[in-house]
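Take a look at the structure below.
Read the figures in this text as sums done on the coordinates, not as results from a lab. Keep in mind the model is a prediction, meaning the values are calculated, not measured. Positions of Cβ are backbone-derived with ideal geometry, glycine not excepted, and every protein chain shown enters the neighbour counts.
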């Protein structure tokens, strides 16, 4: 790219951004339907069976290895911030399993003819800075010349096997805790149209670059039964995955779900991603909404999150204690958002 050329906005180089780029849940489910299951691999504790956050391999009966990968196109225009958000999001999958990351590999695809190399270096530096916060190195990776900018990580972690927390072990009676506010996709849609206020941008950046390291601590708690992170399918989609895997009904109280400060107002103004529509089309038949819930409220619940919080299914007797502990650890928007009950695998929304 010529130094005299005007730099394009980073988000203008991509048709989507963040976890809103994910394939629709129904499409992904269909594509994975014929993938081999664990089968003869007795050491494969977690594969594709329950749409969990990462693969888990029982290494020696005591310690398990966690492996995951996540990458996407930019949802912000600042290169370093894009790198930081993408890295935080990728590492989250290890924390969501109750594990601790040990190293990462970079996944890099950039339109070399359209981007300033200095900006690409800033993306890589942003990702490396988050890895440093997590206490892990970027030990290698792979790069290609790509029509749209893509960045992410493959992350390897470890965990005592007994502390692995899957998304398919929620129990009837459990309380559901969410550790971050919702609204990343809505804010991203506003960024695309240059309509997001600076304070709202900073709110989103603070949330999306906050590591979910509390997941490693929660994995060590016997009262924590199931856990997943809320990303591209929205809280309804990832809650539904937990319900399906666990064979339970999840009841979510929309009035208790924490949202970004401007999320509701922006949703009412029409700042909604295409992924929100795709999400609802994929799984709406398995979700019961209150009568006359307006579309903008539904979009809050189907809103694709990038580097979202953890959805945690816990013994109700310990829920409030854990909420206070999580808040003290640096997640101030943590809230009790619902509960688990016996019944068919579906999700019911209340207000």
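DSSP beta bridges in region 175-350, what fraction antiparallel, as a percent rounded to 5? The answer is about 70 percent antiparallel. With R₀ fixed at 56 Å, the C-beta to C-beta distance from residue 63 to residue 6 puts the FRET efficiency at about 0.60. For region 226-351, the gyration tensor built on C-alpha atoms gives an oblate shape. Its axis ratio a/c (a ≥ b ≥ c) is at least 1.5, and a/b is not larger than b/c. By DSSP, the beta bridges lying fully in the chain are antiparallel in about 75 percent of cases. Give the calculated FRET efficiency between residue 223 and residue 49 to the nearest 0.05, with a Förster radius of 25 Å applied to their Cβ-Cβ distance. So, using R0 = 25 Å, E works out to roughly 0.50. Helical runs assigned H by DSSP (4 residues or longer) give the chain a calculated mean residue ellipticity at 222 nm of -10000 deg cm²/dmol, each run adding -39500 (n - 2.57) before division by the residue total.
On full extension, the segment bounded by residue 288 and residue 342 gains 17.9 nm, given 0.36 nm per residue less the C-alpha separation. Give the distance, in whole Å, between the Cα centre of region 52-91 and the Cα centre of region 217-251. Distance between centres, Cα-based: 18 Å.
Shape class for region 10-163: oblate, because the ratio a/c of the largest to smallest gyration tensor axis (alpha-carbon atoms, square roots of eigenvalues) is 1.5 or more and b/c is at least a/b.
Modelled spin labels at residue 206 and residue 329, positioned 7 Å past Cα toward Cβ, are 2.0 nm from each other. The label-point distance for residue 145 and residue 253, in a model that sets each label 7 Å from Cα toward Cβ, rounds to 5.7 nm.
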